[in-house]
1. Can you find even one residue in region 89-100 that is part of a helix (DSSP H, G or I) and surrounded by 13 or more Cβ atoms within 10 Å (Cβ to Cβ)?
2. Quick check on region 6-59: of everything there that is hydroxyl-bearing (Ser, Thr, Tyr) and over 24 Å from the mean Cα position of the chain (by Cα), which residue is nearest to residue 88 (Cα to Cα)?
3. Answer yes or no: is there a residue in region 108-129 that is over 24 Å from residue 63 (Cβ atoms) and exposed (fewer than 12 other Cβ atoms within 10 Å of the Cβ).
4. Take the residues of region 160-211 that are assigned to a helix (DSSP H, G or I) and at pLDDT below 90: which is surrounded by the most Cβ atoms within 10 Å (Cβ to Cβ)?
5. State all residues of region 4-32 that are under 20 Å from residue 75 (Cα atoms) and out of contact with any Phe, Trp or Tyr (no Cβ under 9 Å at 6 or more places or on another chain); if no residue qualifies, say none.
6. Can you tell me which residues in region 16-38 are in contact with a helix residue (DSSP H, G or I) (Cβ under 7 Å, 6 or more places away or on another chain) and within 15 Å of residue 57 (Cβ to Cβ)?
7. If you check every pair at least six apart or on different chains, which have Cβ atoms under 7 Å apart with a residue in region 20-39 that is in the same structural domain as residue 107 (by TED's automatic domain parsing) first and a residue that is at pLDDT below 95 and of a type in the set (Asp, Glu) second?
8. Just give me the residues in region 162-211 being within 19 Å of the chain's Cα centre (by Cα) and β-branched (Val, Ile, Thr), in sequence order.
Amino acid sequence: MTVVTHRIACFCETTFDAEIPSVADLSHDPEVGELILDGSFMSVTCPACGKRLSPEFPFRLTGVAAVGDIFLVPEADRAAFARGRVDYLNPMPGRVAVGYPELAEKVLIFGLGLDDRVIEIMKYYLLTGPAMAEAPHGGRDVAAFYKGIEADRHVFNIHGMKEGEVGVARLAQEFYSRVASDIDRRLQEEPFCDFCVAPWVSLKRMAGQQE
């Protein structure tokens, strides 16, 4: 693992130096994946107040099944990345994750041997269904996050439907299989071709087009 020293600013107005991972190999150190999934991978503790902080910095995870590597683009750089204005994506990764939650989601998806393009298409159907008519702002701020498999069903957490609440949706394995069986055809169609293009396979691309 390669680390870089960054200057961190805490909410208590203390600044301190912390070593943050910049490169890690999942195939050589599978514990990295566990740390990413539980949210502790980049966390640091303020030496003054003891608050646990979760900063985001550019990070490359190599040795990922199916895609080779995933590059974490900090959420703060999302607009710049969408416009091709970041200069640290070299070489170009197999996948890009914008923000730590998306990185954790990609690690989970590939760890389960799934196709993230299929998962994003399933999210699209979830977020364009009839229930979205009741969502605030027409569902513009609603987001779905993949959480794994339970009892042969794919579980998604839905954020933004109701303030302070997280909804849960469960889609059958049959749905996943049906989308996967004709993924090549779907990728030629709109809107799927707009958000399933590597390296950034994400519905966040659709939000970027609307900004």
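The values are calculated or read from the model by the stated rules, or taken from the named source; none is laboratory data. Computed from a predicted structure; not experimentally measured. Using ideal geometry, Cβ is built from the backbone for each residue, glycine included, and neighbour counts are taken over all protein chains shown.
1. Yes: region 89-100 contains one or more residues that are part of a helix (DSSP H, G or I) and surrounded by 13 or more Cβ atoms within 10 Å (Cβ to Cβ).
2. Across region 6-59, the extreme among qualifying residues is 15.
3. yes
4. By that ranking, first place goes to 204.
5. Of everything in region 4-32, those that are under 20 Å from residue 75 (Cα atoms) and out of contact with any Phe, Trp or Tyr (no Cβ under 9 Å at 6 or more places or on another chain) turn out to be 5, 11, 18, 19.
6. 24, 36
7. Short answer, once both residue conditions are applied: none.
8. 166, 168, 197, 201
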